[in-house]
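Every number here is computed from the coordinates shown, using simple stated rules; none is lab data. These numbers were taken from a predicted model, which means no experiment stands behind them. Note that each Cβ is placed from the backbone with ideal geometry, even for glycine, and that neighbours are counted across all protein chains shown.
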Amino acid sequence: MGQILVIANQKGGSGKTSAAVNLSCAIAPTRRRVLLIDFDPQGSASAALRVPRTQGALSEDLLNHRSLDDRLIVRTAAGFDLIPADEDLTALPALLRSAAQAELTLKRSLSGLKSQYDLIVIDTPPSLDLVTIMALCAADQLLITTPCEYYALDSLQTLLSKTAKLQEEGLFAGQLAGIVRTMYDADALQSDEIKNTLQKLGPQLCSTVIPYSAVISEAAALGRPVMQYDKSSNGARAYLALAGELISRLHL
Ligand SMILES: Nc1ncnc2c1ncn2[C@@H]1O[C@H](COP(=O)(O)OP(=O)(O)OP(=O)(O)O)[C@@H](O)[C@H]1O
Ligand SMILES: [Mg+2]
């Protein structure tokens with residue numbers, strides 16, 4: 001049975017999509033079957049793979065509590081499968097408002113697909129609305145991406161508290177796979193407060209750090225994962241190292 005890895009942080013631009021696309025691309029060649037779900041109506045992961053967004057495909061299945069299946073899946077040139085973003089996901093929270101345990105909608109619709117993959121990666125939007133909550137509640141494992149700056153640490157604490165609350169309510173049954181520092185600039189001065197907060201995370205903090213690297217954004221803009229764009233770049237090497245760390249953390 002495959003594991004569902006949700007990548008989240010309600011802070012915009014914290015490196016979620018970059019991690020979702022590049023981790024999928026790094027893990028697929030290891031012969032593990034990988035499905036990436038672009039669960040952000042903005043569709044950045046789909047755009048980074050040059051796959052158009054749909055209008056209604058995913059959200060109609062969720063709204064009607066149908067299992068997600070092959071009809072939604074696109075095979076990418078990068079060696080993994082993709083469920084592209086659905087523009088209409090933005091309307092889903094309002095439409096599901098009266099549904100019982102709406103938070104569990106995605107988890108229930110995904111149960112059939114879990115046996116077809118070793119890893120299902122879910123990219124989430126920069127918010128904590130029902131779309132992200134549905135993804136969190138579907139997670140077996142949660143990966144939080146965070147830039148190493150003061151305001152980002154605030155978002156990190158909010159997300160950890162929200163996850164703890166969902167766990168108390170019996171809605172989140174996953175584990176924290178790790179917190180990964182993104183856009184890390186080794187030359188920037190870090191305040192003691194940031195260092196102390198990060199240190200307190202202990203083993204939850206991934207040892208791999210994703211450096212600030214222009215190659216990562218160049219590759220995304222050209223619709224290519226960074227390891228296909230420039231596999232010897234420090235950005236590509238960092239995501240390969242993070243993939244290795246996650247394979248071990250998740251016992252994949
Ligand atoms: N390590 C990095 N170094 C330099 N640029 C990066 C790095 N990681 C991501 N970027 C760029 O920063 C921007 C935001 O990254 P990304 O889209 O991965 O974040 P996000 O958390 O998914 O954003 P959103 O919250 O809007 O979905 C993008 O233009 C991306 O190409
Ligand atoms: Mg994104």
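Sort through SER18, SER109, SER59, SER98 and tell me the only one that's under 16 Å from LEU246 (Cα atoms) and of a type in the set (Ser, Thr, Tyr). Sole residue among the options that is under 16 Å from LEU246 (Cα atoms) and of a type in the set (Ser, Thr, Tyr): SER18. Among the conditions (1) loosely packed, with under 11 Cβ neighbours inside 10 Å; (2) within 10 Å of ligand 1 (Cβ to nearest atom); (3) acidic (Asp, Glu), the only one that GLU218 does not satisfy is (1).
If the condition is being over 22 Å from LEU142 (Cα atoms) and among the hydroxyl-bearing types (Ser, Thr, Tyr), then the range 193-252 contributes TYR212, SER213, SER217, TYR229, SER232, SER233. Being part of a helix (DSSP H, G or I), touching a strand residue (DSSP E or B) at 6+ places or on another chain (Cβ under 9 Å) and without any contact (Cβ under 8 Å) to a residue 24 or more places away in the chain is a description that applies to LEU160. Counting residues in the range 98-111 that are within 16 Å of ligand 1 (Cβ to nearest atom) and not polar (S, T, N, Q) gives zero. Residue count for the range 1-13, restricted to those that are crowded, with 24+ Cβ neighbours inside 10 Å and either within 6 Å of ligand 1 (Cβ to nearest atom) or assigned to a loop (DSSP other than H, G, I, E, B) (or both): 1. Of all residues in the range 23-50, those satisfying the criterion of being over 13 Å from THR76 (Cβ atoms) and near ligand 1 (Cβ under 9 Å from one of its atoms) are ASP40, GLN42, SER44. Checking every residue in the range 141-151 against the condition of being in a helix (DSSP H, G or I) and either surrounded by 19 or more Cβ atoms within 10 Å (Cβ to Cβ) or at positive phi (or both) gives zero matches.
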